[in-house]
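Nothing in this text is a laboratory measurement; each read-out follows from the coordinates by a stated rule. Just so it is clear, the model here is predicted, and its values are computed rather than measured. With ideal geometry, Cβ positions are generated from the backbone for all residues, glycine too; neighbour counts draw on all protein chains shown.
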Amino acid sequence: MAILRRYGLFVLIWGAFFSLAFWAAPNRAEEDLLMLQKALRQIEEWDSYTVSQTMTVGGRKESEVRVISHQNPYLAHVESKVRLTDDEDFTFEAYFQPEAIYVYTPSNKAWTKTDYTHPAAGELEGVKHPGDLWLRLLAHTAHITRTETKEGRIVFSLQLRPFREEINGFSISDVQTAKLEAWLTPNPPRVEKVKLTTFFKPNILRGYNEMIYENHFSAINQAPDIYLPMEAYTFRKINK
């Protein structure tokens with residue numbers, strides 16, 4: 001009888017712990033997701049920052065973007081390089097000013113100007129506001145884990161469900177698996193780096209099966225000043 005009582009007590013305690021873990025796990029995942037979501041939203045609340053964006057497709061670097069962003073006043077400087085062929089890249093610079101966007105293309109040494117209502121402005125805005133993309137991707141979260149490094153950095157790893165998206169003009173579809181990783185500094189939690197690794201469904205016409213997109217944030221609230229070059233006022237107006 002004593003053995004049965006001890007066995008019954010063991011089952012009761014084990015069952016209590018199992019129930020606690022079962023109910024705590026979803027809550028912990030929700031808390032982690034909310035913490036990461038809050039940190040990503042705070043990017044647009046920073047006074048200023050710089051972000052380096054890189055995209056690698058099939059092991060080859062396809063694009064590099066560097067952004068210096070200020071919130072008040074609303075200013076940004078974007079430098080972009082996109083691989084066209086093995087021997088040719090397309091580069092441009094964009095200056096976001098409160099009233100318009102000025103774009104410089106070194107290939108023809110020409111300046112253009114567009115206002116924020118032009119369709120092209122929407123594409124450029126996506127480059128300037130990388131946090132919007134990461135927030136959209138959170139909606140596809142299937143599983144999330146949180147760990148900490150020896151230095152105290154918080155690391156999130158998210159398994160994503162298949163999704164469709166466009167990143168800096170690169171269309172993403174036919175996703176087989178995808179993982180989002182984010183590194184945050186502690187006290188206060190701030191986004192340092194975000195990485196998306198995507199594997200695509202087999203397709204002999206595609207020519208690649210993997211895409212990696214990374215953002216590295218730095219100079220938070222200490223980004224360099226932005227000055228619009230005088231040459232920008234030789235612009236050609238882009239009409240709608």
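Dividing the convex hull volume of the alpha-carbon atoms in the stretch 125-240 by its residue count gives 175 Å³ per residue. Taken one residue at a time, the phi angles of the stretch 62-74 give Karplus couplings (6.51, -1.76, 1.60, θ = phi - 60°) of 9, 8, 9, 9, 10, 10, 10, 10, 10, 9, 9, x, 6 Hz. Gly and Pro are set to x. Using 0.36 nm per residue and subtracting the Cα-Cα separation, the extra length available between K237 and E123 on full extension is 39.3 nm.
Helix 119-128 and the longest principal axis of the Cα set of the chain meet at an angle near 50°.
Here each label is just a point 7 Å from Cα along the line to Cβ, and for T149 and S218 those points are 1.4 nm apart.
Strictly greater than 18 Å: what percent of every Cα pair in the stretch 66-176 meets that? The share of Cα pairs beyond 18 Å in the stretch 66-176 comes to 63 percent. Taking a sphere under 13 Å around the Cβ of V78 and counting the other residues whose Cβ falls inside, with K and R at +1 and D and E at -1, yields a net charge of -2. Across all directions, the average projected area of the convex hull around the alpha carbons of the chain is 18.8 nm².
The label point for D86 and the one for N187, both projected 7 Å from the Cα toward the Cβ, are 5.3 nm apart. Backbone phi angles across the stretch 45-61, fed through the Karplus curve with coefficients 6.51, -1.76 and 1.60 (θ = phi - 60°), yield HN-Hα couplings of 9, 5, 5, 6, 5, 10, 9, 9, 10, 10, 10, 10, 10, x, x, 10, 6 Hz in residue order; Gly and Pro are listed as x. For the chain, modelled as a Gaussian network with Cα springs under 10 Å, which listed residue fluctuates most, E166, E44, E93? Fluctuation is largest for E166.
Every helix of 4 or more DSSP H residues in the chain counts as -39500 (n - 2.57), and over all residues that averages to -8500 deg cm²/dmol at 222 nm.
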